[in-house]
Amino acid sequence: MSISPKRTAEDFFKFIREQGVMTLAIGFLIGGTVSKLVTAFITDIINPLVGLALGAAGNLKEATFTLGSATIAWGDFVSTAIDFLVVALLVYFGIKLFGIDKK
C-alpha cells in the first residue's frame, strides 16, 4: 500500500475543513487573549479597589497576615478567585449570546 503525498494533503485539508479545526484554533486564540485582558483588568483596576476597601493599602495581591510563624497570602487567593469569576461569567454570557447552549 503506497501513500500518495497528494492524497495525504487532500485528506488533511478535508479533515481541517470538516472537523472545524480552524474554528477551534481561533477559539483558543481569542480565549487566550480574553484571559489576558481579564487578568489585566483584575490586576490593574479591580485589585486596587478591593485592596483599598479591605485595607490592603491598594495592592490586594500582596495582602498577607501572619498567624504564628506562617504567613497567609490571602490577597493573592482573593485576586485569583475574582479573576476566575470574571472569566467564568464571560464564558457563561458568551455561550448564552451565541446560543451554543441550545445545540
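Since every read-out is calculated from the coordinates, none of them should be taken as a lab result. Values in this document were obtained by computation on a predicted structure and should not be read as measured data. No Cβ is skipped: glycine too gets one built from the backbone with ideal geometry, and neighbour counts run over all protein chains shown.
In the stretch 1-67, taking the dipole from charged Cβ atoms about the Cα centre, the farthest positive-side position among ILE26, THR8, ALA40 is held by THR8.
Computed from backbone phi, the HN-Hα couplings of the stretch 62-72 come to 9, 5, 9, 9, 9, 10, x, 9, 9, 9, 9 Hz, rounded to whole numbers (Karplus: 6.51 cos²θ - 1.76 cosθ + 1.60, θ = phi - 60°; Gly and Pro given as x).
Only one of (1) -0.38, -0.75, -1.00; (2) -0.29, -0.63, -0.90; (3) -0.57, -0.82, -0.97 was calculated from the structure for log10 I(q)/I(0) by the Debye sum over Cα atoms at q = 0.11, 0.16, 0.19 Å⁻¹, and its label is (3).
Rounded to the nearest 500, the helix-only mean residue ellipticity at 222 nm of the chain stands at -22000 deg cm²/dmol, with each DSSP H run of n ≥ 4 adding -39,500 (n - 2.57). A straight Cα-to-Cα reach below 19 Å connects LYS36 with the aspartates and glutamates ASP44, ASP76, ASP83, residues fewer than 8 places away in its own chain not being considered.
Spacing of the modelled spin labels on SER35 and LEU67, each 7 Å from Cα toward Cβ, amounts to 3.0 nm.
Each Lys and Arg contributes +1 and each Asp and Glu -1, all at the Cβ; summed about the Cα centre of the stretch 24-102, the dipole is approximately 220 debye.
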